[in-house]
Amino acid sequence: MAKIGFIGLGQMGSAMCPNLIDCGHSLQVFDISKSAADPIGNLGAKVSSTPKEAALDCEVIFTILPIGSIVEDVVFGSDGISEGMADSAIFVEMSTILPDETRSIGKRLAERGLSMVDAPVGRTSAHAVNRKSTFMVGGTKDDFNRVLPFLECMGEAVTYCGELGSGATVKLVNNYIAAVSNLVNAEGLALGLSAGVSEEIMVEVISKTPAGLGHITTTWPKKALVDDDSPAFMLDLARKDIGLALAAGSASEISLATGTVAHEVYSKASAAGRGRQDWTTGIYRTVKKLSKIVD
Ligand code: NAD
């Protein structure tokens, strides 16, 4: 079993450490807050007084900290991880930070001959307690295989995403989609409530359609993801329906900010001749064109 350094013992770190201990690993932990570190010390971990000390003689060093600048400081600041980490060790960064920050930290470590993967975490601290986290990992395939058994101690799904920073990118994409669709849900239900329909009825209906089930696994696989534009549902009809919702919302003074932006993009798609294409393929092609991913 391995000696592991673990830095950042907040909501997530404190939920993950007991699972590494249960797998039989010995932990050296650090947090600037003594009240965060002490409970993990009580489980048998050695509480260190600096990130450097927590990294000494460890096979793997994990961080899960609030933001990128803190991670950078914990790695490269005085008494940082990079001063204590052995050449044979690997650094696993799990915080939600920018892919560029991840790559910059990895580049500086590589200049010192030190290895890193990024492994941001999906789901919440309640999932982490029950080893139900998901991990999105970026780095070399060899480094991924080195850290896989440790991540499997803390979660139920570990996905290799590509080179260093890819984990951070996938995490960002996932949270963007989740957070924005959260707002669309709020807008849609507010529109229905204002017209006197109960949440219960709306949820019953929506949970059986792509609106509730999610597009990525329902409408997208046979259309947008294989670039098939034969319409299961035409883009112009979707555009018309967003317009109907905006008209109803405007009459009852419901704020439908996301829908307003969506209607603009659907209108651009329609103006570009995609009105009779499948709504998923047509809108994906439009966004890729606007983003200059395709000509
Ligand atoms: P948190 O605020 O609960 O914990 C952060 C910990 O870092 C705290 O204990 C704090 O004392 C410690 N810390 C701050 N600066 C430090 C330093 N310089 N040296 C050592 N320790 C330091 O945050 P959290 O919820 O555990 O989230 C951590 C990261 O995980 C964030 O990037 C967050 O976005 C991400 N994340 C959180 C969740 C969640 O459900 N909470 C889910 C997935 C990802």
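The values are calculated or read from the model by the stated rules, or taken from the named source; none is laboratory data. Note that the structure is predicted; figures quoted are calculated from it, not measured. All Cβ positions, glycine included, derive from the backbone under ideal geometry; neighbour counts span all protein chains shown.
Overview of results
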| read-out | value |
| --- | --- |
| Selection count where residues are touching a Leu at 6+ places or on another chain (Cβ under 8 Å) and either away from the ligand (no atom under 16 Å from the Cβ) or not assigned by TED's automatic domain parsing to the domain that holds residue 94 (or both), scope segment 141-167 | 2 |
| Residues located in segment 190-240, provided they are surrounded by 14 or more Cβ atoms within 10 Å (Cβ to Cβ), touching a residue at least 12 places away in the same chain (Cβ under 8 Å) and of a type in the set (S, T, N, Q) | 194, 219 |
| Segments classed as strands (runs of 3 or more DSSP E), wholly inside segment 113-168, with at least 2 members that are free of Cβ contacts under 8 Å to residues at least 40 places away in the same chain and either surrounded by fewer than 19 Cβ atoms within 10 Å (Cβ to Cβ) or of a type outside the set (Phe, Trp, Tyr) (or both) | 133-138, 155-162 |
| Complete set of residues in segment 280-295 that are part of a helix (DSSP H, G or I) and within 14 Å of residue 227 (Cβ to Cβ) | 280, 281, 282, 283, 284, 285, 286, 287, 288, 289 |
| Filter result for the condition that a residue is among the aliphatic types (A, V, I, L, M), away from the ligand (no atom under 12 Å from the Cβ) and in contact with a helix residue (DSSP H, G or I) (Cβ under 9 Å, 6 or more places away or on another chain), over 67, 4 | 4 |
| Qualifying residue in segment 227-239 (condition: of a type in the set (Ser, Thr, Tyr), away from the ligand (no atom under 16 Å from the Cβ), in contact with a Lys or Arg (Cβ under 9 Å, 6 or more places away or on another chain) and at negative phi) | yes |
| Meets criteria (of a type outside the set (D, E, K, R), more than 11 Å from the ligand (Cβ to nearest atom) and either touching a residue at least 24 places away in the same chain (Cβ under 8 Å) or closer than 18 Å to residue 166 by Cβ (or both)) for residue 102 | yes |
| Test: residue in segment 100-120 that is under 21 Å from residue 22 (Cα atoms) and touching a helix residue (DSSP H, G or I) at 6+ places or on another chain (Cβ under 9 Å) | yes |
| Within segment 190-208, tally of residues that are under 18 Å from residue 248 (Cα atoms) and assigned to a helix (DSSP H, G or I) | 7 |
